[in-house]
Amino acid sequence: MKNQTHVFSPKIFSPSIQGLVTVLYYILFFAIGLTFGIIITFHSKNFSFNLQLTQFSLSTSSYPPSLPSPLSSSSSLSSRSSANKTLKSRVGLRDFVRPPRLMHDMSDDELLWRASMTPNRKEFPGPRQTSKIAFMFLIKQTVSFAPLWEKFFRGNEGRYSIYVHSDPSYNQSETESSMFRDRRIPSKVVEWGNANMIEAERRLLANALLDFSNQRFVLLSESCIPLYNFSTLYSYLMNSSENFVEAYDLNSPVGRGRYSQEMYPTIKLNEWRKGSQWFQIDRQLAIQVISDTTYITMFQKYCKGLCYSDEHYLPTLVSTKYWKKNSNRTLTWVDWSRGGPHPSRYSDTDATEEFLQKMRTEKQCKYNGNVTNVCYMFARKFLPSALDKLLILAPKVMHIKT
């Protein structure tokens, strides 16, 4: 029919076109949703930021700063007090420089190793310590002239240290002076002329070296006495540029005759020396002595019997390796003029003003390159019977206050 009207119907689209329309519909829906989500997110973040900014502005400009509460002030004071206590209780180098107790449990090897450590920096990073003299008594039982030594030391605390090496079997007496009784170190048996004598000397040195303030080291026996007061001795040692170790070459049966060929080539015959056992040395040499493992081994192996290692070990070691700073004399007066294996002994009848003055001034020597008649600071061998006479003479002759 001419007037027939055409009506639209989806059926006229093919299946493929219908699927494409569906895909486009989903894409359009997804895009609209994504855009809407981005807009909402942006506005919410902007609102949150503006709110925080407003709050910050109000807190900083609208209100005055709050005052600390009493509780917070108390807490602050407590913290500062705690900090001050921490500073006051600071350990620093205190435990390192503090010497250990004398009666420690270190073996000889441990002791010698510990004592051989020395700082390479000369300046101590802290309050300057007073230099001290270490008085090392190598004795059998007690210090025979303890009352005289007590007067000698009195009033000079802080400028000396005392170390006592006695026979380990000795049962300490309660009546003995505490100045010496409480200064004993872990000791071992010592036999006259044996190598364990020089082992005891090194043991004394090592214990004294544990105190960094000890700068001079003096070896004494129970029969030694002081010839001058403490101030004179302190000045004499501290101002000296040298060590005092006697060493000489003696071509006789009691000199070179004691040398053992088994020591060669470590120690040669022309290096063998003899001298007094009683030395006075500085800290640098003391460290070298206790650090030695070569010469001490030779003496322990080959210097036995009539060799008398104490008369040869230190003189040989020092004259061979450390001669430049040595004065080649001892500060301990002794008389060998009568001959024999022991020096002369002196009783109360010998303890006179004239005899003591003779010991003090009769000889001339060099001190720091200058000639002087003050050559001896100590003397031996006095018997205990001389004590009372010496106590009477001490103020007048030695200028030791009583």
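The values are calculated or read from the model by the stated rules, or taken from the named source; none is laboratory data. This is a predicted model, so every value here is computed, not measured. No Cβ is skipped: glycine too gets one built from the backbone with ideal geometry, and neighbour counts run over all protein chains shown. Please note that ligands, DNA and RNA were not included when accessible areas were found on the heavy atoms of the full protein model with its side chains. Shrake-Rupley method; radii C 1.70, N 1.55, O 1.52, S 1.80 Å.
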Tell me the per residue accessible area of the range 294-394 using a 1.4 Å probe; a whole number in Å² is fine.
50 Å²
List the residues whose amide H sits under 5 Å from the amide H of residue 379, counting only those 5 or more places along or on another chain, with H placed 1.01 Å from N in the peptide plane.
225, 227, 333
FRET efficiency estimate (nearest 0.05) - Cβ-Cβ, residue 388 to residue 251, R0 35 angstrom:
0.20
Accessible surface, the range 120-244, averaged per residue in Å² (probe 1.4 Å)
43 Å²
Debye, to nearest 20: dipole size of the range 301-402, +1 on Lys, Arg Cβ, -1 on Asp, Glu Cβ:
540 debye
Could you give the dipole magnitude of the range 204-312 about its Cα centre, charging the beta-carbon of Lys and Arg +1 and that of Asp and Glu -1, in debye to the nearest 20?
260 debye
Let me know the shape class of the range 107-159, please: from the alpha-carbon gyration tensor, a ≥ b ≥ c as square roots of the eigenvalues, rounded when a/c is under 1.5, otherwise prolate if a/b is greater than b/c, or oblate.
oblate
Using θ = phi - 60° and the Karplus curve 6.51 cos²θ - 1.76 cosθ + 1.60, what whole-Hz ³J(HN,Hα) does each residue of the range 185-199 get, with Gly and Pro shown as x?
9, x, 10, 10, 5, 10, 10, 4, x, 8, 5, 5, 5, 6, 5
Heavy atoms only, 1.4 Å probe, whole protein assembly: order 189, 397 by accessible area, highest first.
189, 397
Scalar couplings 3J(HN,Hα) for the range 303-320 by Karplus 6.51 cos²θ - 1.76 cosθ + 1.60 (θ = phi - 60°), nearest whole Hz, x for Gly and Pro, are 9, 10, x, 7, 6, 6, 4, 5, 8, 10, 4, 5, x, 6, 4, 5, 5, 7
Under 5 Å, built H, 5+ apart or other chain: amide partners of residue 326:
243
The long-range amide H neighbours of residue 134, using H built 1.01 Å from N in the peptide plane and a cut-off of under 5 Å, are 161, 215, 216, 217, 218
Quick one: pull the percent of accessible area on the range 237-394 belonging to carbon and sulfur, 1.4 Å probe, ligands and nucleic acids left out.
49 percent
Simple label model, 7 Å out from Cα along Cβ direction - residue 114 to residue 402, nm
4.1 nm
Distance between the range 130-170 and the range 98-128 - C-alpha centres, whole angstrom:
20 Å
How do 374, 254 stack up against each other in accessible area, from largest to smallest, with a 1.4 angstrom probe?
254, 374
Please compute the contact order of the range 287-402 in relative form: average sequence separation of alpha-carbon pairs under 8 Å and at least six residues apart, divided by the residue count, as a percent.
22 percent
If the chain between residue 325 and residue 141 were fully extended at 0.36 nm per residue, the gain over the current Cα-Cα distance would be 62.8 nm
Grab the beta carbon distance between residue 232 and residue 269, set R0 = 35 Å, and tell me the FRET efficiency rounded to 0.05.
0.30
Roughly how many percent of the accessible protein surface of the range 84-211 is carbon and sulfur, given a 1.4 Å probe and a whole-percent answer?
48 percent
Exposure ranking of 238, 197, 117 by accessible area [1.4 Å probe, largest first]
117, 238, 197
Got a sec? Charge dipole of the range 216-284, +1 on Cβ for Lys and Arg, -1 for Asp and Glu; which of 226, 247, 263 is way out at the positive end?
263
Would you mind pulling out the separation of the Cα centroids of the range 283-309 and the range 344-384, in Å?
29 Å
Of the listed peptides 348-355, 280-287, 336-343, what is their order by residue-averaged count of other C-beta atoms within 10 Å, with the highest listed first?
280-287, 348-355, 336-343
